[in-house]
Amino acid sequence: MAISPRYTREIPHRYRLEAQQFECGAVTLPNRYICPDNCCKKSKKITLKGKGKILTYTIIYIASDQYTRATPFAVAVIETEEGARLTAQVVDCNFDDLKIGAKVELIFRKIMEEGASGIINYGYKAILV
Amino acid sequence: MVGIVGYGAYVPAFRIKASTIADQWGDDIVAIERGLLMKEKTVPGKDEDTITISVAAAKNAVKRAGIDPQKIGAVYIGSESHPYAVKPSGTVLVDALGIGPNVHVADFEFACKAGSEAMFVAYSHVKSGNMDYAMGIGSDTSQGAPGDALEYSASAGGAAFIFGKDNVIAEVLHTYSYTSDTADFWRREYQHYPRHGGRFTGEPAYFKHILGCGKTLLEKSKMKASDFAYAVFHMPNGKFPLKAGEILGFKKEQMEQGWLVNIMGNTYSGSSPTGLTAILDVIKPGEKVFMVSFGSGAGSDGFIFKATPRITQVQNKAPKTRDMLNGKKIYLDYGKYAAFRRKIKFLE
């Protein structure tokens, strides 16, 4: 479970899709120390447009405690137009409409609540377009 | 010239039909539909709240305004369903849109008129020269107690308006507010559902304030109902706004475009603001809009807008309100609706 300081630190990528582009061209979200191919460490900040496609997906019926009220829900690995690969829930859809290759758009939604009295975590999810 | 430079709306994809609610409680759906003129309403997804709805509407407003979000000097969200009792909704929004940190942020609350209140203050900032741009938002995920008449109307949605001086799409010609202490509808701290005064919410509350505001706004502007292409009033149900408009001299044709309540429900702070967005989606340059909100407690804010030639350049830059309402719909049965709206007790 996230805690308030960590949540606050992650706001740039969770709220605004601020990613990094390494010298080799690889784009990653969230940020990391070294590129996925372990070839370079230098990167610049880019903001993702929030459009992409589903590479693969699954339906979660039994989730960890903080997501039990959200079940069943779809989770997909999404590749954005910039080439970043990220994991996100796909919401507001009938599961029958989910397809590998389907186009999605990233939107701003509530991710989870830290219990009845904790903070509310917001971030990106995806919808089919 | 000061006015709206960008606007946007958002409504969730989920719906519940009035007939589904009537079936649950054994109500007469024919009488309900005839009395309230309501067919269905929007329902927020499990992961949607006033903040996410405000963010979605505000992003559409920025798209239409075509401005750097950093130039927005104030953000006000009006709602009766802010997710936190203590912690602002607006701070999440400014970070999500890349506004600030040089920005003034506040959350407003005034039952169903908190949105127009936010618009009023945002407009006043720009008019006074305090800042170049300010954003006012009305957004809600309103609640009605199980079995209460409010369950047919309490829905979810919102609208955002960026006010500025340059590239105005709808000039603000006049404003007026009318307020008195009237206990027609309220929710005490720690209470999950609001309470209301039944019939007392009608003549002494809704109509007194809407008509009090509307009549003075017409007098002040030296205009008459026939001078306007469109009119929109707060929509707690289908009947009230049509009746209030008729008393003020407006014809049904002037009110139809902004009258969303039969397929959207009452989005509370987002009600008349969302209706205004549906009008701005189709309005032609030079046409005028008459808008009066209402918030229990009670008060009304009135605005007169005039579309500029620029309006046609921005209408297609973001999703249109009626397209969203008539687009993707996922219907819920009452059981799912009760779970979505946390009307049943879960293990915490």
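The values are calculated or read from the model by the stated rules, or taken from the named source; none is laboratory data. In this text the structure is predicted, and so the values were computed from the model without any measurement. Reconstructed Cβ throughout: ideal geometry from the backbone, glycine too, with neighbour counts over all protein chains shown.
Among the residues of the stretch A:81-129, those that are charged (D, E, K, R) and under 30 Å from B:His82 (Cβ atoms) comprise A:Asp92, A:Glu105, A:Arg109, A:Lys110, A:Glu113, A:Glu114, A:Lys125.
Can you tell me which residue among B:Lys63, B:Lys87 is in a helix (DSSP H, G or I) and within 14 Å of chain A (Cβ to nearest Cβ)? Of B:Lys63, B:Lys87, the one residue that is in a helix (DSSP H, G or I) and within 14 Å of chain A (Cβ to nearest Cβ) is B:Lys63.
Identify, from the list B:Pro12, B:Pro44, the residue that is within 14 Å of chain A (Cβ to nearest Cβ), of a type outside the set (S, T, N, Q) and farther than 30 Å from B:Gln313 by Cβ. So the residue among B:Pro12, B:Pro44 that is within 14 Å of chain A (Cβ to nearest Cβ), of a type outside the set (S, T, N, Q) and farther than 30 Å from B:Gln313 by Cβ is B:Pro44.
Just checking, how many residues over the stretch B:1-46 are surrounded by 22 or more Cβ atoms within 10 Å (Cβ to Cβ), of a type outside the set (Gly, Ala, Ser) and at pLDDT 95 or above? Looking only at that region, the number is 14. In the set (1) surrounded by fewer than 16 Cβ atoms within 10 Å (Cβ to Cβ); (2) without any contact (Cβ under 8 Å) to a residue 60 or more places away in the chain; (3) of a type in the set (Asp, Glu), the condition left unmet by B:Asp281 is number (1).
Rundown of residues vs (1) out of contact with any strand residue (DSSP E or B) (no Cβ under 6 Å at 6 or more places or on another chain); (2) part of a strand (DSSP E or B); (3) touching a residue at least 12 places away in the same chain (Cβ under 8 Å); (4) not assigned by TED's automatic domain parsing to the domain that holds B:Ile16, yes/no style:
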site: B:Ile32; (1), (2), (3), (4): yes, no, yes, no
site: B:Lys46; (1), (2), (3), (4): yes, no, yes, no
site: B:Thr52; (1), (2), (3), (4): no, no, no, no
site: B:Ala57; (1), (2), (3), (4): no, no, yes, no
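The set of residues from the stretch A:9-45 being more than 30 Å from B:Ala58 (Cα to Cα) and in a strand (DSSP E or B) comprises A:Phe22, A:Ser43. Look at (1) part of a strand (DSSP E or B); (2) within 11 Å of chain A (Cβ to nearest Cβ) and you find that B:Val105 fails only one, number (2).
For A:His13, the conditions (1) away from every other protein chain (no Cβ under 14 Å); (2) without any contact (Cβ under 8 Å) to a residue 24 or more places away in the chain; (3) surrounded by 15 or more Cβ atoms within 10 Å (Cβ to Cβ); (4) under 12 Å from the mean Cα position of the chain (by Cα) are fulfilled apart from (1).
This table checks each residue for (1) within 11 Å of another protein chain (Cβ to nearest Cβ); (2) over 11 Å from the mean Cα position of the chain (by Cα); (3) surrounded by fewer than 20 Cβ atoms within 10 Å (Cβ to Cβ).
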| residue | (1), (2), (3) |
| --- | --- |
| A:Leu48 | no, yes, no |
| A:Ile78 | no, no, no |
| A:Thr87 | no, no, yes |
| A:Lys99 | no, yes, yes |
| A:Ile107 | yes, no, no |
| A:Gly115 | yes, yes, yes |
| A:Ile119 | yes, yes, yes |
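Pick out the one residue from B:Lys317, B:Lys306, B:Lys328 that is more than 23 Å from B:Leu242 (Cβ to Cβ) and within 14 Å of chain A (Cβ to nearest Cβ). Unique residue meeting the criteria: B:Lys328.
Which of the residues belonging to the stretch A:40-52 are of a type outside the set (Gly, Ala, Ser) and either at pLDDT below 95 or more than 18 Å from B:Val55 (Cα to Cα) (or both)?
A:Cys40, A:Lys41, A:Lys42, A:Lys44, A:Lys45, A:Ile46
On inspection, A:Gly118 qualifies as out of contact with any Ser or Thr (no Cβ under 6 Å at 6 or more places or on another chain), farther than 19 Å from B:Phe340 by Cα and modelled with pLDDT under 95.
Among the residues of the stretch B:75-108, the one identified as touching an Asp or Glu at 6+ places or on another chain (Cβ under 8 Å) and surrounded by fewer than 16 Cβ atoms within 10 Å (Cβ to Cβ) is B:Ala85.
Quick grid of which residues meet (1) within 14 Å of another protein chain (Cβ to nearest Cβ); (2) modelled with pLDDT under 95:
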position: A:Leu17; (1), (2): yes, no
position: A:Ala26; (1), (2): no, no
position: A:Asn38; (1), (2): no, yes
position: A:Ile54; (1), (2): no, no
position: A:Ile59; (1), (2): no, no
position: A:Ile62; (1), (2): no, no
position: A:Gly83; (1), (2): no, no
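To keep it simple, each residue is scored yes or no on (1) buried (at least 16 other Cβ atoms within 10 Å of the Cβ); (2) outside any helix (DSSP H, G or I); (3) of a type in the set (Val, Ile, Thr).
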| site | (1), (2), (3) |
| --- | --- |
| B:Val126 | yes, no, yes |
| B:Asn130 | no, yes, no |
| B:Ala134 | yes, yes, no |
| B:Ser139 | yes, yes, no |
| B:Gly147 | no, yes, no |
| B:Tyr176 | yes, yes, no |
| B:Arg188 | no, yes, no |
| B:Gln191 | no, yes, no |
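Could you pull out the residue among B:Leu347, B:Leu332 that is farther than 20 Å from B:Ser153 by Cβ, surrounded by fewer than 18 Cβ atoms within 10 Å (Cβ to Cβ) and either outside the structural domain of B:Gly157 (by TED's automatic domain parsing) or touching a residue at least 24 places away in the same chain (Cβ under 8 Å) (or both)?
B:Leu347
For residues in the stretch A:50-75 being in a strand (DSSP E or B) and over 21 Å from A:Gln20 (Cα atoms), which is nearest to the chain's Cα centre (by Cα)?
A:Val75
For the stretch B:193-206, the tally of residues that are under 21 Å from the mean Cα position of the chain (by Cα) and in a loop (DSSP other than H, G, I, E, B) stands at 2.
Please go through the stretch A:76-99 and pick out each residue that is in contact (Cβ under 8 Å) with a residue 24 or more places away in the chain, closer than 24 Å to B:Gly327 by Cα and in a loop (DSSP other than H, G, I, E, B). Within the stretch A:76-99, A:Val91, A:Asp92, A:Cys93, A:Leu98, A:Lys99 qualify.
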